[in-house]
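The block underneath contains the structure these notes are about, expressed in structure tokens.
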Amino acid sequence: MNAPHPPKVAGIDSTVPTPAHTVAPVPPAPAAPPVPKVPAAPAPGTVLQDRLAGWVSDLTTLHELTERLARTSALEPALQELLRAGAALVGARRGLVALEPADGLGPHTTLGLGLGRADLGHLETVPRGALPYDGGTAEAVHPDLFAEDGLDPRHREVAARLGYAASYALPLVTDAADRLGAVAWLYDEPAQPHERRRHLAGLYVRHAAEHLARLLEVERTRACMATIAEELLPSRLPRVAGVQVAARHRTGPRGGGDWYDALPLPDAALGLAVGSVTGSGPSAVAAMGRLRASLRAYAVMEGEDPVAVLSDLELLLRLTEPARSATALFGYCEPALRKVTLAGAGHSPPLLIGEHRTEFAETSVSAPLGMLACWEAPSVEIEAEAGETVLLYTDGLLHRTGDPMDRAFARLHTAAASVPRALRHDPGAIADHVLRTVLPGGLDEADSQEDVVLLAARFD
């Protein structure tokens, strides 16, 4: 019996499977062309965040630069800081600042960054209207100096010599519309700062102008005080037979009360005095002037008795200015005898400088003027040899060293003993040597609260 066959359905023979290798492969679908990537839209707030980050960075930079500028307390360091910070902001390597206050009261100065004194001298030969900065109150941008029409021939020559091709300048103008000058930065190649740099530089320079205006006022006040102090001191020293006199004076920035005097007295004598009034500023300078004038009067009347001179001075000070004290040293000098009679009130002893000896005079210890109800101390006599020098000085010379007093006195003694023989004939040279040796490294000229006075008298 045959097995039944399955029914045929629609031409498909289910009993004979189709060999796998006879099936035609299905052709793969053609690859779709790559779809270009469309950049995703920035998330909301991203642009704002980037802008805020940029603003924060700019403000941080501006804050750091203005803080550094605010730490400067003198005019020249402030101008140098302005040049350095501005160069960093505008991307320049060199620059210059010209301080020329519009009121004409000065001081006038020009400083350079990356420019030597000779370079600044070359720039000064350029006519005023053709300088890298103009005289107005707006920024001056010169992105390519050599491509500009009408460039002054002298400016072209100087720019080629110094090697700059572009410049960017800003005026120094305060909020009160006071023009102080201008600052300019120089580029080696044609260039100009972009808007963001220019904005930051403008903010910084406006702040710098206000700071410079304050320092300028301080500088003028210091110069005025120094002038007044100098005018209250002898305009020239007297010439007396048998003795040569020289003085050196350094005034502190606030104006102090250190003073000196040398005045001819009857009988061919000479009065020598140094002193110091407590305090600083205008009141101390005025008190110094009054004290010196009073001592001159007492010296003319009774100079041969230095104790009486200082006693009268102490009484005057106690009656007229009871809140103030002063130190003083007065010497009655007799050149023919090479003798000096000294009286001191709270003052450091003078030095006797000679070829064979350098020693402090043994003056008696006494209180400053105005400290006691009645001042009086014995006088001492110094007898000098021919060629020896008596050096009077104020305590500012010792205080400026920064050393304890014993070391300062030792330094002074060493300086006096080391005066070269070739200088010992000139009291001014002796004073200069002592000043430079006791205060090396420019301390004699540096801004210090202490005044310095040296008065040297050399006997023939």
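Some points to look at:
- Hits in region 286-296 - residues which are aliphatic (A, V, I, L, M), open to solvent by 50 Å² or more (accessible area, probe 1.4 Å) and under 22 Å from P335 (Cβ atoms): none
- If you check G104, G91 for being within 14 Å of G181 (Cα to Cα) and open to solvent by less than 60 Å² (accessible area, probe 1.4 Å), only one passes: G104.
- Test: residue in region 178-198 that is farther than 29 Å from R51 by Cα, open to solvent by 20 Å² or more (accessible area, probe 1.4 Å) and basic (K, R): yes
- Selected residue [within 21 Å of the chain's Cα centre (by Cα) and either under 16 Å from L186 (Cα atoms) or among the hydrophobic types (A, V, I, L, M, F, W, C) (or both)] from L62, L83: L83
Residue-wise test of (1) more than 27 Å from S325 (Cβ to Cβ); (2) in contact with a Gly (Cβ under 6 Å, 6 or more places away or on another chain); (3) at pLDDT 90 or above; (4) in a helix (DSSP H, G or I).
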| site | (1), (2), (3), (4) |
| --- | --- |
| L372 | no, no, no, no |
| W375 | no, no, no, no |
| G387 | yes, no, yes, no |
| L392 | no, no, yes, no |
| A408 | no, no, yes, yes |
| V419 | yes, no, yes, no |
| P440 | yes, no, no, no |
| L443 | no, no, no, no |
| S448 | no, yes, no, no |
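- Within region 394-406, if we keep just the residues that are touching a helix residue (DSSP H, G or I) at 6+ places or on another chain (Cβ under 8 Å) and assigned to a helix (DSSP H, G or I), the residue that is surrounded by the fewest Cβ atoms within 10 Å (Cβ to Cβ) turns out to be M405.
- Unique match (being surrounded by fewer than 16 Cβ atoms within 10 Å (Cβ to Cβ), closer than 30 Å to L180 by Cβ, of a type in the set (A, V, I, L, M) and touching a residue at least 40 places away in the same chain (Cβ under 8 Å)) among A268, A229, A223, A241: A223
- Lone unmet requirement of (1) farther than 25 Å from H199 by Cβ; (2) open to solvent by less than 20 Å² (accessible area, probe 1.4 Å); (3) in contact (Cβ under 8 Å) with a residue 40 or more places away in the chain for V126: (3)
- Only residues that are within 37 Å of the chain's Cα centre (by Cα) and either at pLDDT 90 or above or open to solvent by 50 Å² or more (accessible area, probe 1.4 Å) (or both) were counted across region 297-325, and they come to 2.
The values are calculated or read from the model by the stated rules, or taken from the named source; none is laboratory data. Keep in mind that what you see is a predicted model, and the values were worked out from it rather than measured. Cβ atoms come from the backbone with ideal geometry, glycine included; neighbour counts cover every protein chain shown. The area values use the complete protein model at the heavy-atom level, side chains included, leaving out ligands, DNA and RNA. Shrake-Rupley method; radii C 1.70, N 1.55, O 1.52, S 1.80 Å.
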